[in-house]
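Peer 1: Please see the structure below; I have some questions.
Each reported figure results from applying straightforward, stated rules to the coordinates on display, with no laboratory input. Keep in mind the model is a prediction, meaning the values are calculated, not measured. Here the Cβ is made from the backbone with ideal geometry for all residues, glycine too, and neighbour counts use every protein chain on show.
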């Protein structure tokens with residue numbers, strides 16, 4: 001079965017087009033099998049042995065009384081990366097780590113999404129834009 005989306009790392013890097021979402025998100029963990037409050041729509045839900053991890057709007061977590069941590073913003077890499085692409089997240093995480101910025105990546109079917117500390121989101125966005133520009137200049 002052929003890969004869906006781009007797999008070439010150079011093409012991915014030159015086409016990053018990072019986009020910063022406005023809302024503040026948080027990470028939370030609730031016990032496994034917990035029934036979430038009606039109307040609560042986490043952006044992501046993942047089952048772990050220790051419980052269910054949620055990524056949700058900070059305002060929603062607060063309103064639902066869910067203890068949360070890691071106030072963050074989401075940066076979407078607006079390139080259709082293949083789930084089989086090798087090295088994109090490593091390259092991005094390395095660049096952000098060099099600037100002292102933590103990142104929690106989530107790969108979805110069409111795009112990769114990076115959750116970075118709220119107070120470093122603009123800096124992370126600039127670093128990613130610089131990274132794409134440098135990759136583009138290197139291919140010319």
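Peer 1: Specify the residue with the greatest mean-square fluctuation among 66, 75, 55, computed from a Gaussian network of the chain linking alpha-carbon atoms under 10 Å apart.
Peer 2: Highest fluctuation among the options: 66.
Peer 1: How far is helix 88-98 tilted off the main Cα axis of the chain, in degrees rounded to 10, range 0 to 90?
Peer 2: 80 degrees
Peer 1: Which order, highest average first, do 1-14, 39-52 follow once you tally other Cβ atoms within 10 Å for each residue and take the mean per peptide?
Peer 2: Taking the mean over residues of other Cβ atoms within 10 Å, the ranking is 1-14, 39-52.
Peer 1: Between residue 43 and residue 62, what is 0.36 nm times their sequence separation minus the Cα-Cα distance? Round to one decimal in nm.
Peer 2: Additional length available on full extension: 5.3 nm.
Peer 1: In nm, to one decimal, how far is the residue 83 label point from the residue 20 one, both placed 7 Å along Cα→Cβ?
Peer 2: 3.1 nm
Peer 1: Now a separate question. Expressed as an acute angle from 0 to 90° and rounded to the nearest 10, what is the orientation of the C-alpha long axis of helix 121-138 relative to the principal long axis of the chain?
Peer 2: 20 degrees
Peer 1: Follow-up question, since we're still on this one. Over the range 13-62, what number does the Rg to Rh ratio reach, with both radii from the alpha-carbon atoms and Rh per Kirkwood?
Peer 2: Here Rg/Rh amounts to 1.10.
Peer 1: Which value, in Å³ per residue, describes the convex hull spanned by the Cα atoms of the chain?
Peer 2: Given the Cα convex hull of the chain, per-residue volume reads 127 Å³.
Peer 1: Further, regarding this structure: Where does the chain land at 222 nm, in deg cm²/dmol rounded to the nearest 500, when only DSSP H runs of n ≥ 4 count, each adding -39500 (n - 2.57), divided by all residues?
Peer 2: When only DSSP H runs of four or more count, the value is -9000 deg cm²/dmol.
Peer 1: Normalising by the residue count of the chain, find the relative contact order in percent from Cα pairs under 8 Å and 6+ residues apart.
Peer 2: 32 percent
Peer 1: How big is D for the range 82-140, in µm² s⁻¹ as a whole number, if Stokes-Einstein is applied with the Kirkwood radius of its Cα pairs at 10 °C and 1.306 mPa s?
Peer 2: Estimated via Stokes-Einstein, D reaches 130 µm²/s.
Peer 1: Now for a different question. For labels at residue 138 and residue 9 in the simple 7 Å Cα→Cβ model, what's the distance in nm?
Peer 2: 0.9 nm
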